[in-house]
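Trainee: Pasting a structure below so you can have a look.
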Amino acid sequence: MLKLVVLLSGRGSNFQAIFESINTQNLPVSIELVLSDNPQAGGLHYAQKRGIETAAISPKDYDNQGEFNKAVLQRVQQTDANWAVLAGYMRLVNADFIAHFDGQVLNIHPSLLPKYKGLNTHQRALDAGDKTHGASVHLVTEKLDDGPIIIQSNIEISDEDSADTLAARLLQTEHSIYPQTIKWLSSGDLRYSNQQLYFNNKPLNSPISWQQLGQ
Ligand code: GRF
């Protein structure tokens with residue numbers, strides 16, 4: 001059974017999309033804990049209202065990043081979650097966190113990785129004159145927005161687009177590819193074993209294209 005810890009820092013719309021897809025499709029997935037570094041995060045309140053266990057751990061309450069990371073890991077270790085899902089979590093998780101999950105940590109990033117790691121991805125795609133933009137679900141390593149990519153969505157960039165219109169359109173696709181990834185994990189179509197991803201029992205060495213799935 002897939003047991004998730006979700007980490008988020010803000011509104012949590014990706015978490016909501018995942019939660020709704022688990023419920024409407026009756027997936028064998030439990031959300032053991034939603035943890036935020038921001039006590040005001042909208043996603044935390046959404047989870048509380050639905051009776052999901054939550055934790056707010058603010059870096060302000062710790063002397064340094066190392067102590068904060070320890071507190072996060074200690075809280076996560078109190079659950080028996082087997083995958084961690086970063087959904088708009090604006091911090092890096094450290095090696096101990098990743099090791100606790102045997103590498104089973106997911107993130108969603110609003111760019112066609114390896115392009116545009118970090119912030120302001122929509123504006124950077126516009127500034128570069130890109131014709132397409134996208135989002136990536138990937139396994140997390142200690143490096144920012146790194147790690148093997150599982151699935152990517154694509155959208156076309158038009159002359160009228162701004163960073164805001166791109167962000168809004170892309171977010172809709174994020175709400176498909178992240179729940180889809182969770183669904184594949186729950187069915188076993190997607191597996192991670194001995195540091196290798198498998199999709200339909202074949203090694204997954206390049207990203208699945210959401211469009212090619214007929215979306
Ligand atoms: C999303 O764009 C996600 O790709 C990025 O942060 C944003 C989080 O949005 N990592 P939300 O909190 O899930 O609404």
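Each reported figure results from applying straightforward, stated rules to the coordinates on display, with no laboratory input. Quantities reported herein were computed from a predicted structural model and do not represent experimental measurements. FYI the Cβ positions are ideal-geometry reconstructions off the backbone, even for glycines, and counts take in every protein chain you see.
Trainee: So, in the stretch 1-29, of the ones that are closer than 17 Å to Arg75 by Cβ and surrounded by fewer than 21 Cβ atoms within 10 Å (Cβ to Cβ), which residue ends up farthest from the ligand (Cβ to nearest atom)?
Mentor: That would be Lys3.
Trainee: Something else: Enumerate the strands (runs of 3 or more DSSP E) found wholly within the stretch 59-149, keeping only those where 3 or more residues are within 11 Å of the ligand (Cβ to nearest atom). Before you say what the answer is, go through the steps one by one.
Mentor: Details: elements: 83-86, 105-109, 132-139.
In the stretch 59-149, the matching strands (runs of 3 or more DSSP E) lie at 105-109, 132-139.
Trainee: If you check Ala47 against the conditions, is it out of contact with any Cys (no Cβ under 6 Å at 6 or more places or on another chain), buried (at least 19 other Cβ atoms within 10 Å of the Cβ) and not β-branched (Val, Ile, Thr)? Let's see the steps before the verdict.
Mentor: Details: out of contact with any Cys (no Cβ under 6 Å at 6 or more places or on another chain): yes; buried (at least 19 other Cβ atoms within 10 Å of the Cβ): yes; not β-branched (Val, Ile, Thr): yes.
It is true that Ala47 is out of contact with any Cys (no Cβ under 6 Å at 6 or more places or on another chain), buried (at least 19 other Cβ atoms within 10 Å of the Cβ) and not β-branched (Val, Ile, Thr).
Trainee: I need the full set of residues from the stretch 120-142 which are surrounded by fewer than 22 Cβ atoms within 10 Å (Cβ to Cβ) and over 15 Å from the mean Cα position of the chain (by Cα), in order please. Quick ask: steps written out before the conclusion?
Mentor: Taking the stretch 120-142 first, the residues surrounded by fewer than 22 Cβ atoms within 10 Å (Cβ to Cβ) are 120, 123-124, 126-132, 139, 141-142.
Within the stretch 120-142, Asn120, Gln123, Arg124, Leu126, Asp127, Ala128, Gly129, Asp130, Lys131, Thr132 meet the criteria.
Trainee: Please specify each residue of the stretch 30-48 satisfying the condition of being farther than 15 Å from Val105 by Cα, more than 10 Å from the ligand (Cβ to nearest atom) and among the aliphatic types (A, V, I, L, M).
Mentor: Selection gives Leu44, Ala47.
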